[in-house]
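Let me begin by presenting the structure, written as structure tokens, before commenting on it.
No value in this document is a laboratory result; all are computed from the given coordinates. Because the structure is a prediction, the values reported are computed rather than measured. Because the Cβ atoms are built from the backbone with ideal geometry, glycine has one as well, and the counts that use them run over all protein chains shown.
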Amino acid sequence: MRVLTRIDIDRLQEGLRTKRFGRSIIFQKEVSSTNDVAKELAAYGAGEGTVVVAERQTAGRGRLGREWFSPSGGLWFSIVLLPRLRVPEAVPLVFVAGLAVTKTLRELYGLSVETLWPNDVLVGDRKICGILTEMNSTGEVVNFIVLGIGINANINVKKVLPEQLRDVATSLGEELGQKIRIEELLRALLEKLEIEYDLFLEEGASELLSEWKQYAAFLGHNVEISSGEEKFVGIAQDVENDGVLVLKLGNGSFRRFLVGDISLRVK
Ligand code: BT5
């Protein structure tokens, strides 16, 4: 698979149908993490919708400081958001991103893409996209949010991702058997993100969550959740409007999780 070496921002912005998202785009060949660059820009007053996109990240990260592998060929980008929200109200933004990615990948490529609580997008049971929201707040008031999205686009998972991810990750290139056009994907994503984000700000989380759940194949199935040091097995019952996952345990009781990781491959 030939690797894309540059994202043509002019081509991307031609015909971009957004008001704010992607009107300003900073492309860099290599960064530590696009979230770090976007946070710095936001701290210096960057406008809502400012995008940072990089060909590769040397210190891409997931939640809880975990590593996010970001070789050339993927789509690694972050967007600055300035919502007038209190901290807990901003939690569903991760679902805004998950829904926008899922719908975009389905529409552009016809893949059976699914959402996984809280921040993953899957094809089959393999991760194709991860989302990281980071917040800067003063007390309860959100100053800015950086929404980071990583999509395994034109990468050969077996060749460039570490051994332990080869059976649990996939890429668009692998699913489709051909390379995709990164500019086209990012343009479509920015358009969808702006639509879903504006709807969320206008209408709240309820509609958004119910649409997100339509793509959440894990709901109603047996899963294992790791939260901190603990693991629980049960049926994934629901995701509530505040982002909480409800698990029905074997003894019939319910347990609620605000953070955690789902494993679909229950032993
Ligand atoms: C995530 O965290 O899935 C969030 C990933 C966000 C990445 C974007 S890229 C642009 C922006 N800049 C950044 O620095 N980050 C964001 P989490 O749910 O904690 O999952 C992390 C786990 O996913 C790792 O521990 C690995 O198991 C797995 N993983 C790492 N790299 C992967 C990849 N490229 N594809 C699939 N899985 C991966």
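The amide H of THR18, built 1.01 Å from its N in the peptide plane, has no neighbour under 5 Å, considering only residues 5 or more places off or on other chains. At the listed q of 0.23 Å⁻¹, the Debye profile of the range 108-202, built from one uniform point per Cα, gives log10 I(q)/I(0) equal to -1.31. Could you work out how far the C-alpha centroid of the range 47-116 sits from that of the range 170-244, in angstrom? A separation of 10 Å, based on Cα centres. Here the alpha carbons of the range 146-267 define both size measures, Rg and Dmax, at 17.5, 50 Å.
Using a cut-off of 28 Å between alpha-carbon atoms, which lysines can reach LYS29, once sequence neighbours fewer than 8 places away in the same chain are excluded? Leaving aside lysines fewer than 8 places away in the same chain, those within reach of LYS29 are LYS19, LYS39, LYS103, LYS127, LYS158, LYS159, LYS179, LYS192. Computed on the Cα trace of the range 18-172, the radius of gyration divided by the Kirkwood hydrodynamic radius gives Rg/Rh = 0.96. Our coupling estimate for the range 114-125, obtained by passing each phi through the Karplus curve with A = 6.51, B = -1.76, C = 1.60 and θ = phi - 60°, is 10, 9, 10, 4, x, 9, 10, 10, 10, 10, x, 10 Hz, Gly and Pro reported as x.
Rounded to whole Å, the principal axis extents of the Cα atoms in the chain read 57, 44, 31, largest first. So the label point goes 7 Å from the Cα of GLU207 along Cα→C-beta, right? Which residues of the range 218-244 then have their backbone N under 17 Å from it? Output list for this probe position: 241.
Rounded to the nearest 0.05, what FRET efficiency is calculated for SER226 and PHE254 with R0 set to 22 Å and r the Cβ-Cβ distance?
0.80
So if I average 1/r over every pair of distinct C-alpha atoms in the range 222-266 and take the inverse, what Kirkwood radius in Å does that give?
Numbers: mean 1/r = 0.0963 Å⁻¹.
This gives a value of 10.4 Å.
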